[in-house]
Amino acid sequence: MKLDTIDKKLINLLQEDSKRTNKQLSLLLNLSVTAVFERIKKLERAEIITRYIAQVNPKKVDKSFIVFCQVKLIQHSREYLSVFESEILKLDEVSECFHISGDYDYVLKIYVKDMEEYREFMVNKLTTIKHIGSTQSSFMIGEVKNSAKINV
């Protein structure tokens, strides 16, 4: 699907605030409400817009200890990758997992309450996954930028 200028503006507006009504969007885009509705449905069908979420403040839900954990598997075989990835999907503490290049195979973003909860997570969950060779953890000191928005 080829995006025109209005599609791009609509996508950016929805990324800033997906709770805007079609009426509000129509006024911002100088389109009818029906045209906005149709464009949104078209973007959803094309899987350009894949979901709408609520962004939660980690401090308010007692999950403000953020860890970036790099994981190296003992071998880079299809079987080991598959086992690791399927097990990571089961861990609620892991909000993001990326297969990466470099010295490590994966980087995980983990939300927990504190260092004690992270230790419990490492000992009782993460390191029980088969084929992990090593891990390296970095702890967030402060947040500079945190955005899910992709500027189009």
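Which one is farthest from N151 (Cα to Cα) among residues in the range 1-25 that are assigned to a helix (DSSP H, G or I) and of a type in the set (K, R)? Per the criteria, the residue is K23. For S147, indicate whether it is of a type in the set (S, T, N, Q), within 29 Å of I11 (Cα to Cα) and surrounded by fewer than 10 Cβ atoms within 10 Å (Cβ to Cβ). The answer is yes for S147.
Of the residues in the range 26-78, how many are assigned to a helix (DSSP H, G or I), in contact (Cβ under 8 Å) with a residue 24 or more places away in the chain, more than 18 Å from the chain's Cα centre (by Cα) and crowded, with 16+ Cβ neighbours inside 10 Å?
To start, the set of residues in the range 26-78 that are assigned to a helix (DSSP H, G or I) comprises 26-29, 33-45, 58-61, 78.
Pick out the ones that are also in contact (Cβ under 8 Å) with a residue 24 or more places away in the chain and you get 36, 39-40, 42-43, 58.
Cutting the leftovers down to more than 18 Å from the chain's Cα centre (by Cα) gives us 36, 39-40, 42-43.
Applying the additional criterion that residues be crowded, with 16+ Cβ neighbours inside 10 Å yields 36, 39-40, 43.
Here the count works out to 4.
Apart from one condition, Y118 fits all of (1) in a helix (DSSP H, G or I); (2) open to solvent by 70 Å² or more (accessible area, probe 1.4 Å); the exception is (2). Taking each residue of the range 98-111 that is in contact (Cβ under 8 Å) with a residue 60 or more places away in the chain and looking for partners that are among the acidic types (D, E) with beta-carbon atoms closer than 7 Å, six or more apart or interchain, yields nothing. Would you check which residues across the range 93-112 are assigned to a loop (DSSP other than H, G, I, E, B) and surrounded by 16 or more Cβ atoms within 10 Å (Cβ to Cβ) and list them? Selection gives E93, Y104, D105.
Checking the stated criteria, K42 turns out to be of a type in the set (K, R) and touching a helix residue (DSSP H, G or I) at 6+ places or on another chain (Cβ under 9 Å).
The values are calculated or read from the model by the stated rules, or taken from the named source; none is laboratory data. Everything numeric here is computed off the predicted structure, so don't read it as measured data. Here Cβ is always computed from backbone atoms with ideal geometry, including for glycine, and neighbour counts include all displayed protein chains. For the accessible areas, the whole protein counts, side chains as well, though only heavy atoms, and no ligand, DNA or RNA atoms are used. Shrake-Rupley method; radii C 1.70, N 1.55, O 1.52, S 1.80 Å.
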